[in-house]
Amino acid sequence: MSRGYHDKKLEENVDAEIFGVLLDEAREAFDEEVVVELNSEQDSDVESNCQRIAQWVESWKKTQAENAD
């Protein structure tokens, strides 16, 4: 334990820091409209995020196929 935190809390803090850095780097590297922050606080958030990403992928595939013609 560090600072009185349990291992689980330390892991959560490290994860949050890593994802924060990744989000900042994505915002610096890409146009604002293509970087979307998805919160995953609850299991239902994760499920809806997965569905949202799957919809984005399908939309992208459709656009790519239309542009190939």
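Values in this text are rule-based calculations from the coordinates and carry no lab data. Source: prediction; values computed, not measured.
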Q: May I ask you to list the residues in segment 58-69 that are among the charged types (D, E, K, R) and assigned to a helix (DSSP H, G or I)?
A: 58, 61, 62, 66
Q) What number of residues within segment 28-57 satisfy the criterion of being outside any loop (DSSP other than H, G, I, E, B) and β-branched (Val, Ile, Thr)? A) 4
